[in-house]
Amino acid sequence: MTEETPITTAQRLQPQLVDHFMHLIGTQRLSHAYLFNGMDGTGRQDLALTIALRLFCQNVTSAGFPCGQCAECRRIIAGDHPDVIRVVPDGQRIKVDQVRYLKAEFSKSAVEGNQKIFIVDQIERMTTGAANSLLKFIEEPVGNTVALLLTANKNLILPTILSRTQIVDLLPVAPKELAAALAEVGAAPSQQNLLATLTESVAAAQDLLAEDWLKNAQKSIEHWFTACCQGDERAFVRVQTDLLPLAINRDRQGILLDMIVQIWHDALRQQTGAVDPQTLTYPQVAQASQQIAQRLGVDRLVVVVTLTLATRGQLAGNLNFQAILEALTLQILAQIPRR
Ligand SMILES: [Zn+2]
């Protein structure tokens, strides 16, 4: 197998978008500002680089792709082309001097030809002030300039940027590749399916894994769930003793509710037939969820899952987290048949 280049990676992960952008460039219809929205592992940087390569390549293939081998392509891949400006945040934020560098570059025309391209990754990590100061350059580009802004989560992007760029949603990452990326940031195999349903980026997953928050949340929810399944009224007490201490802010409260939806969803999946436990979000309690699935039957299980799904709306409606969960617990207990 030949070695992977940004071009082959982008073709593998985002085949339609690669074709689309190669065609846009071939017919001179590329716009000057895009926002690529795709979590880590979707190849957003590779797609951006492939576009840069196509713009500068001296030996475009007959199919309309950059060659990846000419002098221009090699300089871009090596990060050594004066008209391909790339910024990746240094730590949690895009630093002030990186923004200064970008602004200086935005105001200069191309060094060598008349084409210049900016690739700014994790634009969501730019401070509001910095992002706003870049807006006028996006609006009034100097010469033949293309700005590719990249993000793992467009929900975190300022509306002013969203409204001035063309938003391109990348294909989501394949589950296998996501699992590999999550393993790299320290997620245990038993946490990977759950994390994939809870977060939009590996960075966000890393955040949940910090200080064992996710591990503790998983354990607490598993205990609460097991108590619910047994019709044990101590499930009600566990809301206050186990779950409340983890609900440290609104964001985490929402995640706990999503986690509760998932654990009941596992049971619902097992209701409809044999399921590989490795595909469940809570493989540790696969047996308990299979048993409760059989005891409840599909109708009552659907009632329970619907109750769990309603909690997110209750939280958004500003109901108190503890009150939401206590009410949910009582409603679930009422569905559990007495032995
Ligand atoms: Zn080339």
- helices (runs of 4 or more DSSP H) completely within segment 151-251 that count 2 or more residues being farther than 25 Å from L280 by Cβ and at pLDDT below 95: 159-162
- Query: Quick one: is H32 surrounded by 12 or more Cβ atoms within 10 Å (Cβ to Cβ), closer than 21 Å to F137 by Cβ and within 13 Å of the ligand (Cβ to nearest atom)?
  - Reply: no
- Query: Can you spot a residue in segment 272-279 that is part of a helix (DSSP H, G or I) and buried (at least 18 other Cβ atoms within 10 Å of the Cβ)?
  - Reply: no
- Query: Which residues, taken from segment 222-247, are touching a helix residue (DSSP H, G or I) at 6+ places or on another chain (Cβ under 8 Å) and farther than 17 Å from Q291 by Cα?
  - Reply: E233, R234, A235, F236, R238, V239, Q240, D242, L243, L244, L246, A247
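Take Q115 and decide whether it is in contact (Cβ under 8 Å) with a residue 40 or more places away in the chain, surrounded by fewer than 19 Cβ atoms within 10 Å (Cβ to Cβ) and more than 13 Å from the ligand (Cβ to nearest atom). Even if it seems obvious, please write down each step before you answer.
Details: in contact (Cβ under 8 Å) with a residue 40 or more places away in the chain: yes; surrounded by fewer than 19 Cβ atoms within 10 Å (Cβ to Cβ): yes; more than 13 Å from the ligand (Cβ to nearest atom): yes.
In short, yes.
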- Is there any pair with a first residue in segment 61-81 that is assigned by TED's automatic domain parsing to the domain that holds I25 and small (G, A, S) and a second that is within 10 Å of the ligand (Cβ to nearest atom) and not in a loop (DSSP other than H, G, I, E, B) whose Cβ atoms are under 7 Å apart and which are 6 or more apart or on different chains, and what are they? G68/I7; G68/L53
- Query: Does Q331 satisfy the condition of being under 15 Å from D232 (Cα atoms), in contact (Cβ under 8 Å) with a residue 12 or more places away in the chain and assigned by TED's automatic domain parsing to the domain that holds E233?
  - Reply: yes
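Check A181, A217, A210, A188 and return the single one that is under 20 Å from Q45 (Cα atoms) and either of a type in the set (A, V, I, L, M, F, W, C) or out of contact with any strand residue (DSSP E or B) (no Cβ under 9 Å at 6 or more places or on another chain) (or both). Full working, then the answer.
Values: A217 fails: under 20 Å from Q45 (Cα atoms); A210 fails: under 20 Å from Q45 (Cα atoms); A188 fails: under 20 Å from Q45 (Cα atoms).
The unique qualifying residue is A181.
For (1) assigned by TED's automatic domain parsing to the domain that holds N216; (2) among the charged types (D, E, K, R); (3) touching a residue at least 40 places away in the same chain (Cβ under 8 Å), each residue gets a yes or a no:
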{"site": "A267", "(1), (2), (3)": "yes, no, no"}
{"site": "Q270", "(1), (2), (3)": "yes, no, no"}
{"site": "P277", "(1), (2), (3)": "yes, no, no"}
{"site": "Q284", "(1), (2), (3)": "yes, no, yes"}
{"site": "D299", "(1), (2), (3)": "yes, yes, no"}
{"site": "V303", "(1), (2), (3)": "yes, no, no"}
{"site": "G317", "(1), (2), (3)": "yes, no, no"}
{"site": "N320", "(1), (2), (3)": "yes, no, no"}
- Query: Consider R12 against the criteria (1) within 27 Å of N155 (Cβ to Cβ); (2) surrounded by fewer than 20 Cβ atoms within 10 Å (Cβ to Cβ); (3) touching a residue at least 40 places away in the same chain (Cβ under 8 Å): it satisfies all of them except one. Which criterion is unmet?
  - Reply: (3)
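Output the number of residues of segment 107-134 satisfying the condition of being within 30 Å of A203 (Cα to Cα), part of a helix (DSSP H, G or I) and at pLDDT below 80. Full working, then the answer.
Just the residues of segment 107-134 that are within 30 Å of A203 (Cα to Cα), to begin with: 116-134.
If we keep only those that are part of a helix (DSSP H, G or I) too, we end up with 123-125, 128-134.
If we keep only those that are at pLDDT below 80 as well, we get 124-125, 128-134.
Result for segment 107-134: 9.
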- Task: Could you please give the count of residues in segment 41-69 that are within 11 Å of the ligand (Cβ to nearest atom) and outside any helix (DSSP H, G or I)?
- Result: 10
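The values are calculated or read from the model by the stated rules, or taken from the named source; none is laboratory data. Just so we're clear, the structure is a prediction, and the values are computed from it rather than from any experiment. With ideal geometry, Cβ positions are generated from the backbone for all residues, glycine too; neighbour counts draw on all protein chains shown.
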